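Presented below is the structure to which this report refers.
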Number of protein chains: 2
Amino acid sequence: MNDFDFSGTHVIADIVGIDPAAIRNDRVILRGMDEGLDRSGATLCGLQVRQFDPAGLTVVYLLSESHASVHTYPERNALFFDAFTCGSTCNPRAFLDALVAALGPCEVRVKVFPRGQGSQASTSHAAGLALSSH
Amino acid sequence: MNDFDFSGTHVIADIVGIDPAAIRNDRVILRGMDEGLDRSGATLCGLQVRQFDPAGLTVVYLLSESHASVHTYPERNALFFDAFTCGSTCNPRAFLDALVAALGPCEVRVKVFPRGQGSQASTSHAAGLALSSH
């Protein structure tokens, strides 16, 4: 594995039906994310945490291998999660699994897809053209 | 529009074939991201910037409406980008367009998909079960 390979895996999850006590407890969310970080094998470079008024928590990790984030919606018993790790040494799916384990029973809608070199799932646009803004 | 609607739009792009002078110039990247932030209509809450050795820049924005990130690969003349904005008042595609305009000619492989309520593209997993870690 070349550290500079332009490749990685992005895991995106919309999680609903979370126990109200869990989604309202920032320590549960932070503990789940920290455990996820450990299990993913990624290296933390920086952390941003923001609590919103009247409710809601956003946590964004800057990783050596890219980033991970969570955005909670306590009013909806729901959250958005993503973890993107470059290369093949980390496991962003394990990151999600740890968060889900911390939340308890819930419904997880997940996408996992490769990015960069070798990705077949992307849409190509013509070289040399900026994208339209509409 | 309810600010607490559990919905949003995620724009993910793998960008290759970038002019070597542009991808190696952190000011170009930061200027493109700042312009993208402005054009998206999102509100910045926090910023993390990390320069990697020997090359590579990661920028992660924590937004009132979620997050945006860029991870550069100067050795590959390439970068990974994503912008996720909750609700319907921001335009994450405009964020990407501004970054692409700053980069100059390049090839953009983009995915744009809805998240949360009303999203039809997600995979559902059984409620109450943690995801497997393999």
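Since every read-out is calculated from the coordinates, none of them should be taken as a lab result. Everything numeric in this text was worked out from a predicted model, so none of it was measured. Virtual Cβ from ideal backbone geometry, glycine too; neighbours counted across all protein chains shown.
Tilt of helix A:92-103 relative to the longest C-alpha principal axis of chain A, in degrees (0 to 90, nearest 10)?
10 degrees
Within a Cβ distance under 12 Å of residue A:109, other residues only, what is the Lys/Arg minus Asp/Glu net charge?
Spelling it out: positives minus negatives among the neighbours equals 0.
What does the charge count around residue A:32 come to, taking other residues whose C-beta lies under 13 Å from its C-beta (Lys +1, Arg +1, Asp -1, Glu -1)?
So the surrounding residues net to -3.
Read phi for every residue in the range A:28-45 and hand back ³J(HN,Hα) as whole Hz from Karplus 6.51 cos²θ - 1.76 cosθ + 1.60, θ = phi - 60°, with x for Gly and Pro.
Each residue of the range A:28-45 in turn: 5, 5, 5, 5, x, 5, 5, 5, x, 4, 4, 6, 6, x, 7, 10, 7, 9 Hz.
Just name one of B:73, B:90, B:60: the one whose Cα is farthest towards the positive end of the charge dipole of chain B (beta-carbon charges, Lys/Arg +1, Asp/Glu -1).
B:73
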